[in-house]
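This report concerns only the one structure given below.
The values are calculated or read from the model by the stated rules, or taken from the named source; none is laboratory data. Only a predicted model underlies this, so the values are computations on that prediction, with no experimental measurement involved. Because the Cβ atoms are built from the backbone with ideal geometry, glycine has one as well, and the counts that use them run over all protein chains shown.
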């Protein structure tokens, strides 16, 4: 079991125990995660590194409730998400998790504003309440002047910042980032990492990030290495 | 309401595809509407028929005439309230293409037998007074731009010569399915030419329940004479003509089935392609918290909007086509009953739902982790 205490005096936010995840591929059983246990404190900034196929993204998907483990349990902020049904899990995700993907995954026919507004459509907020939240999120990522731009009118770095705004707009408990700098040039990647760092430091967000990029991983407080579905090494840096 | 934008942007992202799909629904509903209208027109005699009218024709064939002396004998038969005789004229107004039904009638009988043709009292009086007077239905009058008082010259077809009529009245229908394409003139004007013969009689009954007895009485009255009759209710008479054109119901059903089946495939295919292209976006929606049911409803709503838009366009086009075609074919009243239009619309919406059903279900069941992995 790895205890990834990202923040000083942190309180445990995620508790994963004996996670196994296997897939059936043809006649073969693929064990992607094997007996993985992990604790993550609130306010932590974790980077998962490891070779392709080591189970990083699978772990992130399990922790974010996008997938369910073959066995084992995960609780986030006291919610046992592995015991939840599909629809409960969706509702939980809407409330507690923000996702940032490598390819940004913005909806091309919606403006930056409308993309960021998407998670808020699921809330009881009215139009003006949503506007307030969206503007705040876009300001936080430094794009208040791009809210009416479509994704095709933005650079890769700007698109990713819009995606981060979408991830944080509903004020989730947890931010999960899968290769957030994987498709960006160095400068944009630095900007994005700087932004994620600020979200942790200034806004107390908990971020779990999968990355192949050592420079991106350096920004995290803790780096965990996965190999063949198990955590093999934990690195810790000062906040 | 807040999801309307999502539905709209998804429809607007591939405008040509959306327009073509909406167009498919429009064409289908247009065809459906037209078929219904044609079926209605074919069965018009039967549908618009009143239960209290009988048609009396020559037993040998409708093309053979009957003597005008039958008029009085028919009027004397117990249970007969009124009688009118009518004789086909079939002339040409200016051009062969300008065909419309023209009949020589007994004006007094016409009014007594056909209360569903509405004529202003003053115009009726003028018509009665004028031996060369005529009445035209509003569709025909509108078609040729006629006004009351116009002089109309019609060239005879089987009767040589050009005959001039004074338009004394324009009639309207008491109901929307009343044929307003007819042109009637006073029999007296051409009585000499018809030589005491008329085409057929229409009898109005005092009691519709008495039809069977009166039919038998009429035909017995003229049995074993040189002018035997065949009497039918107006509905049977109309149906007889419809049957000459084949089984319209079967035709409508067959064409309608082909059209709607094709539409189902088109709409299903369109939605399947559209959703395959948006797999990643659907995964993102679900990742941010859209529930399965919400995704399902969004997809179905898209399809329903296309079906509704196409259906509405098709119905409007069918109505316009019916309005403009109504005057072109003699005796053919093309009208779209609201009930049947509603059925067509329900069909279109049903097909929209059914076509999108499978892709929408697939979108609903989409596993986010798998879908994001494919993107």
Qualifying residue in region B:186-196 (condition: out of contact with any helix residue (DSSP H, G or I) (no Cβ under 9 Å at 6 or more places or on another chain), at negative phi and in a strand (DSSP E or B)): no
Scan of region B:174-185 for residues that are crowded, with 16+ Cβ neighbours inside 10 Å, assigned to a loop (DSSP other than H, G, I, E, B) and touching a strand residue (DSSP E or B) at 6+ places or on another chain (Cβ under 6 Å), ordered by number: B:180, B:181, B:182
Search result, residues across region A:103-116 that are over 13 Å from residue A:167 (Cβ atoms) and more than 9 Å from every other protein chain (Cβ to nearest Cβ): A:111, A:112, A:113
Pick from region A:125-139, criterion out of contact with any helix residue (DSSP H, G or I) (no Cβ under 7 Å at 6 or more places or on another chain) and in a helix (DSSP H, G or I), ranking: nearest to the other protein chains (Cβ to nearest Cβ): A:127
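Got a sec? Which of B:113, B:162 is surrounded by 13 or more Cβ atoms within 10 Å (Cβ to Cβ) and assigned by TED's automatic domain parsing to the domain that holds residue B:89?
Exactly one residue qualifies, and that residue is B:113.
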Only listed residue being at pLDDT below 85 and more than 30 Å from residue A:163 (Cα to Cα), chosen from B:230, B:243: B:243
Criterion (out of contact with any strand residue (DSSP E or B) (no Cβ under 9 Å at 6 or more places or on another chain) and either within 14 Å of residue B:29 (Cα to Cα) or within 14 Å of chain A (Cβ to nearest Cβ) (or both)) met by exactly one of B:272, B:321: B:321
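With respect to residue B:127, is the statement that it is in the same structural domain as residue B:222 (by TED's automatic domain parsing), part of a helix (DSSP H, G or I), in contact with a strand residue (DSSP E or B) (Cβ under 7 Å, 6 or more places away or on another chain) and more than 22 Å from residue B:73 (Cβ to Cβ) true?
yes
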Evaluation of residue B:200 against (1) surrounded by fewer than 21 Cβ atoms within 10 Å (Cβ to Cβ); (2) farther than 26 Å from residue B:323 by Cβ; (3) touching a strand residue (DSSP E or B) at 6+ places or on another chain (Cβ under 9 Å) (one fails), failing number: (1)
Among (1) within 14 Å of chain B (Cβ to nearest Cβ); (2) touching a residue at least 40 places away in the same chain (Cβ under 8 Å); (3) closer than 26 Å to residue B:291 by Cβ, the one test that residue A:73 misses: (1)
Spans of strands (runs of 3 or more DSSP E) in region A:8-124 with at least 2 residues surrounded by fewer than 22 Cβ atoms within 10 Å (Cβ to Cβ): A:12-25, A:28-41, A:71-76
